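These notes are about the structure you will find just below.
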Amino acid sequence: MKAVTLYNKGMYLVNGIPTETASVSPEEARRGTIAYSILEAHNVSGNMDKLQIKFDALVSHDITYVGIIQTARASGLKEFPIPYAMTNCHNSLCAVGGTINEDDHVFGLSAAKKYGGIYVPANQSVIHSYAREELAGCGKMILGSDSHTRYGALGTMGVGEGGPELVKQLLKNTYDVNRPEVVMVYLHGTPKKGIGPHDVALALVGATFADGFVKNKVLEFVGPGVKGLSIDFRNGIDVMTTETTCLSSIWITDEVTKKHFEVHGRPADYKELKPADVAYYDAMIDIDLGEMESMIALPFHPSNVYTIHDFVANAKEILASVEAEAAAKFKKAKLDLVSKVQPDGTVLADQGIIAGCAGGMFDSIDEAAAILRDHDTGNGYFSLSVYPTSVPVSLELTRIGVTADLLSAGAVIKPSFCGPCFGAGDVPANNGLSLRHTTRNFPNREGSKPGEGQLSGVALMDARSIAATARNGGIITAATDVDYDYTPHEYHFDKKVYEKRLYYGFGKADPSVDLILGPNITDWPKQYALTENILLELAAVIHDPVTTTDELIPSGETSSYRSNPLRLSEFALSRRCPDYVGNSKAVAKQEADRREGVVSDKLRAVLNAVGDGDPATLAALVNTTQFGSCVFANKPGDGSAREQAASCQKVLGGFGNICYEFATKRYRSNCINWGILPFTLDKDTPFEYEVGDCVFVPAIRAAVEMGTETIPAKVVRKDGTVEGITLYLKGLTPDEKEIILDGCLMNYYAKRMD
């Protein structure tokens, strides 16, 4: 029997039992979902089809909070209106980039004091661990500037978006979205010994990602299987729902949830959440936990999933396909993974990492230690690093002896840090294969630089199977295949360590405090309103099935420059399209010259072509047409919520994205908030144009103002030929139209302050 089964049709849940029919209409029964009730409680529009959400709390980390605060400050921010926690879990390696990382941290503390925020110093907790410990509550909603903002297992709907959406909340505006469909995730059965949350999560991602089964929808977890899962197990599944491209998640709550809030000293934040006696869902995912096997996700995506048994049995063929994908993407680096297959058919990995919001939780580390107890990792190439998700978790693991067991087995214990999840910690050797209980295994998330001939790969596995692999000296092993004794320890949360170190400033804003601005913290360059027409030169053309935000703006050491828009923009698409930055800068220079009355030969030639050679038309077009760069990708924006994937394009003079569809709502929102036109194509329209070709969109300002969704445009090829093309600009809200017309969200707010 399959562990995960999809039902692409409406389903009722009647008294806890899935069924296709009920006596209540679907529209009426939709109100019976947990998701509907929470969204309704937070919606201020009065229209449940067009939601305007106000959140209960905000969370950011040190890759994003500087830009958020700088943008909000420029837009009139006086104090934080709701709890806003700023964690320092991404730019924690202060040895990288001189003083700039710690400069950001000092800025964050000064901002918390000035505006009334919560400041979590470096290595105290990763962002989502802190939110689970101190901010989540049953029936609440939290918005985070990190894509893995997911607290559904704690009865909290978390949404991960780009920084500008947090700016809106800080300025007491709303998060606007059409009412999402809700998908039932029905859990039943009991996991076998050795099965962990990442096994379930990877199976779910593998079943749903490719065809967008739950894209921009809410996953609602119900069923008898929930009650047998610990809170950490639930959290471990929940945080990975981001990789399905869903909008948010929510779970039924019970005594296990209640105990979490009691342990964390917040019993009042618990309440029972469950669907009504009759609830209707737009689709259903059935998960038989008893059929779940140990899983592995091979490079370069969490959906590239196999059971560990199937992978080992077919390792040469599977790894050869990974090598072929790498060869197609990266021209300067050669990935050699087939050599990991040993003469006896086993597969040898080089590294194991248990870390972050997915892997660094108490239960996973506790059971991993039990698997390794009285064994060792060996003294070969394989190494094991463990990053507890917060200081309270690390302290409890130390008190009960788990840390000692891991150290005795040869593991290295490291502080709370998200680095291994995005390429800023434990970078493996060239051609290394790293096994990680983290959230993603996109290219470069392990920290390699294929543009410089360096390339390694990450496979995602549960901490239990990573421990089993470590116990076997790096031979990839399913945890279900090893014998071990395990009695779960009861977790005790010690808040005193936070009280001694964290700054709790909500409600204590002090306007007299000056922001401390290090030399790397700079303001955004001036942006201009949308002109009558727009001309877009293709600076990058990517035909990959999906383009991730890590390719649009690489993670890793580049994160040190997150507070300096100009410096950071130099890395845009650098590991996927190395010529992109130079191409965009050349276009931006021509646009700057145009504003000064100097028209480049290329701009003149292209506008002359679309103007049919008429001198008067050419003169008019020169004065009314912005010239900017553009990225074409089949499906851009999978992955991180960080807005820099869009803002770096805008800083470089980018004014448009053209695609068949956006991989996520959050990336499309980032584009809009930075004044980048989110054009789409009909799926049957071939896009055979090249870098250097130009797309002229006449009367674009009028089209945006009027809400015109079908946009006729012209493509001017490098050889001067002109072809027609139809672009689409669908579903812009009134506010989104104004943001695009004004040039970006900052301009939108600044205009309304005047």
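Just so it is clear, none of the values below were taken in a lab; they were calculated from the coordinates. For clarity, every value in this text was computed on a predicted model and none was experimentally measured. As a convention, Cβ positions derive from the backbone with ideal geometry for all residues, glycine included, and neighbour counts pool all protein chains shown.
Go through 608-616, 98-106 and give me the packing order, highest mean Cβ count within 10 Å leading. Show your work: numbers first, answer last.
On the way: 608-616: 13.6, 98-106: 19.1.
By packing density, highest mean first, the sequence is 98-106, 608-616.
Report relative contact order for the chain in percent, whole number only (criteria: Cα-Cα under 8 Å, sequence separation at least 6).
Once normalised by length, the contact order is 14 percent.
Under 15 Å from the Cβ of Glu591, count the other residues' Cβ atoms, weight Lys and Arg +1, Asp and Glu -1, and hand me the total.
With Lys, Arg at +1 and Asp, Glu at -1, the net is +3.
Once the dipole of the chain is set up with Lys and Arg at +1 and Asp and Glu at -1 on Cβ about the Cα centre, which of Ile34, Ile53, Met240 lies farthest towards its positive end?
Farthest towards the positive pole: Ile53.
Could the peptides 291-298, 645-652, 448-455 be put in order, highest first, of the mean number of other beta-carbon atoms found within 10 Å of their residues?
With the highest mean Cβ count within 10 Å placed first, the list reads 645-652, 291-298, 448-455.
Which net charge results for the neighbourhood of Ala509, defined as the other residues with beta-carbon distances under 11 angstrom from its beta-carbon, given Lys and Arg at +1 and Asp and Glu at -1?
Local net charge: +2.
Relative to a virtual label point 7 Å from the Cα of Thr733 in the Cα→beta-carbon direction, which members of segment 33-56 show backbone nitrogen distances below 16 Å?
Within reach of a label on Thr733, which here means backbone N under 16 Å from a point 7 Å along Cα→Cβ, segment 33-56 contributes 39-56.
Looking at segment 561-672 from every direction and averaging, what is the projected area of its Cα convex hull in nm²?
8.0 nm²
So how far, in whole Å, is the C-alpha centre of segment 188-211 from the one of segment 322-398?
A separation of 19 Å, based on Cα centres.
So if I place +1 on the C-beta of Lys and Arg and -1 on the C-beta of Asp and Glu, and nothing else carries charge, what would the dipole magnitude of the chain be about its Cα centre? I want it in debye, nearest 20.
1380 debye
Which GluC sites (Glu not before Pro) from segment 1-83 combine a DSSP loop assignment with at most 11 other Cβ atoms within 10 Å?
Hits after loop and neighbour filter: Glu20.
Tell me, what is a quarter of the convex hull surface for the C-alpha atoms of segment 533-753, in nm² with one decimal?
The number I arrive at for segment 533-753 is 11.9 nm².
Among Pro636, Tyr561, Asn43, pick out the residue whose Cα is farthest towards the positive end of the charge dipole of the chain, where Lys and Arg carry +1 and Asp and Glu carry -1 on C-beta, about the Cα centre.
Highest projection toward the positive end goes to Tyr561.
At a Förster distance of 51 Å, what's the computed FRET efficiency of Ala605 paired with Asp336, Cβ-Cβ distance as r, to 0.05?
For Ala605 and Asp336, the calculated efficiency is 0.65.
Rounded to the nearest Å, what's the spacing between the alpha carbon centres of segment 459-497 and segment 587-640? Just the number, please.
Measuring centre to centre over Cα atoms gives 56 Å.
Loop only per DSSP, at most 12 neighbouring Cβ atoms within 10 Å: give me the trypsin sites (Lys or Arg not before Pro) in segment 69-173, ordered by residue number.
Passing both the DSSP loop test and the Cβ count: Lys172.
Can you bin segment 263-341 into rounded, prolate or oblate? Criterion: square roots of the alpha carbon gyration tensor eigenvalues sorted a ≥ b ≥ c, rounded for a/c under 1.5, prolate for a/b above b/c, oblate for the rest.
prolate
Which value at 222 nm does the chain reach when only helices count, each DSSP H run of 4 or more adding -39,500 (n - 2.57), with the total divided by all residues and rounded to the nearest 500 deg cm²/dmol?
Values: 28 runs with 243 residues, N = 754.
The helix contribution divided over the chain gives -9000 deg cm²/dmol.
If you split all Cα-Cα distances of segment 149-288 into 5 Å bins from zero, what percentages do you get per bin, shortest first?
For segment 149-288, the binned pair fractions read 2, 9, 18, 22, 19, 15, 10, 3, 1, 0 percent.
Compute the distance in nm between two label points, each set 7 Å from the Cα along the Cα-to-Cβ direction, one at Glu28 and one at Arg595.
Taking the simple label geometry, Glu28 and Arg595 are separated by 5.9 nm.
Taking only the alpha-carbon atoms of segment 314-368, what semi-axes of the equivalent ellipsoid follow from 5 times the gyration tensor eigenvalues under a square root, in whole Å, largest first? Could you put the intermediate results ahead of the total?
Working: eigenvalues 164, 59, 16 Å².
Over the Cα atoms of segment 314-368, the semi-axes work out to 29, 17, 9 Å.
Let me check I've understood the local charge: for Leu166, count other residues with C-beta under 11 angstrom from its C-beta, Lys and Arg +1, Asp and Glu -1. What total comes out?
That works out to -3.
Out of all DSSP beta bridges with both ends in segment 327-486, state the antiparallel percent to the nearest 5.
If I count the DSSP bridges inside segment 327-486, around 10 percent turn out antiparallel.
Only Lys, Arg, Asp and Glu count, each charged at its Cβ (+1, +1, -1, -1), so figure out the dipole size of segment 1-79 about its Cα centre, rounded to 20 debye.
Its charge dipole is roughly 140 debye.
Using a/c under 1.5 as the rounded threshold, could you call segment 481-525 rounded, prolate or oblate? The axes a ≥ b ≥ c are square roots of the C-alpha gyration tensor eigenvalues, and prolate needs a/b larger than b/c, oblate otherwise.
Working: a/c = 5.07, a/b = 2.09, b/c = 2.43.
The shape class here is oblate.
Please list the equivalent ellipsoid semi-axes of segment 227-314, computed as the square roots of five times the alpha-carbon gyration tensor eigenvalues, in descending order and whole angstrom. Walk me through the intermediate numbers first.
On the way: eigenvalues 180, 60, 36 Å².
They are 30, 17, 13 Å, listed largest first.
Lys/Arg Cβ at +1, Asp/Glu Cβ at -1, dipole of segment 327-486 taken about the Cα centre: which of Met461, Phe442, Ile365 is farthest positive-ward?
It is Phe442.
Between their Cα atoms, which of Lys193/Lys258; Lys113/Lys496; Lys215/Lys683; Lys54/Lys140; Lys526/Lys751 are more than 19 Å away from each other?
Lys193/Lys258; Lys113/Lys496
Taking only the C-alpha atoms, wrap a convex hull around segment 55-173 and report its volume per residue in Å³ as a whole number. The partial results should precede the final answer.
Values: hull volume 10.6 nm³, N = 119.
Value for segment 55-173: 89 Å³ per residue.
Grab the eigenvalues of the alpha-carbon gyration tensor for segment 1-57, scale each by 5, take roots, and send me the semi-axes largest first in whole angstrom.
In descending order the semi-axes read 27, 15, 10 Å.
For segment 327-486, what's the radius of gyration and Dmax over Cα atoms, in angstrom?
15.4, 50
Compute the distance in nm between two label points, each set 7 Å from the Cα along the Cα-to-Cβ direction, one at Asp344 and one at Asn178.
For the pair Asp344/Asn178, the computed spacing is 5.7 nm.
Report, in debye and to the nearest 20, how large the dipole of segment 613-716 comes out about its Cα centre when Lys and Arg carry +1 and Asp and Glu carry -1 on their Cβ. Provide the component values of the computation, followed by the final result.
Numbers: 9 positive and 11 negative charges, 90 e Å.
The dipole of segment 613-716 has a size of about 440 debye.
Hey, could you grab the Kirkwood Rh for segment 153-194? Inverse mean 1/r over distinct alpha carbon pairs, Å, one decimal.
14.2 Å
HN-Hα J couplings of segment 237-253 from phi, Karplus 6.51/-1.76/1.60, θ = phi - 60°, integer Hz, Gly and Pro as x?
With coefficients 6.51, -1.76 and 1.60, one gets 6, 4, 5, 7, 4, 3, 6, 7, 6, 6, 7, 7, 8, 7, 10, 5, 10 Hz.
Give or take rounding to whole Å, what are the principal axis extents of the alpha carbon atoms in segment 625-727, in descending order?
That gives 38, 29, 28 Å along the principal axes, largest extent first.
Taking the C-alpha atoms of the chain, how large are the radius of gyration and the largest Cα-Cα span, Dmax, in Å?
Answer for the chain, Rg first and Dmax second: 25.5, 84 Å.
Would you kindly state how much longer the chain becomes between Arg501 and Lys271 on full extension, computed as 0.36 nm times their sequence separation minus their alpha carbon distance, in nm to one decimal?
Stretched fully, the Arg501-Lys271 segment lengthens by 79.8 nm.
Kindly rank 246-258, 477-489 from highest to lowest mean number of other beta carbons found within 10 Å of each residue.
Peptide ranking by packing, descending: 246-258, 477-489.
How far apart, in nm, are two points set 7 Å out from the Cα along the Cα-to-Cβ line at Ile82 and at Val263?
Going from the Ile82 label point to the Val263 one covers 2.7 nm.
Could you work out Rg/(2.2 N^0.38 Å) for segment 162-237, with Rg from alpha carbons only?
1.42
Which of the trypsin sites (Lys or Arg not before Pro) found in segment 468-556 are in a DSSP loop and have at most 16 neighbouring Cβ atoms, other than their own, within 10 Å?
On the way: sites: Arg471, Lys495, Lys496, Lys500, Arg501, Lys508, Lys526; in loops: Lys495, Lys500, Arg501, Lys508, Lys526.
Qualifying residues, ordered by number: Lys495, Lys500, Arg501, Lys508, Lys526.
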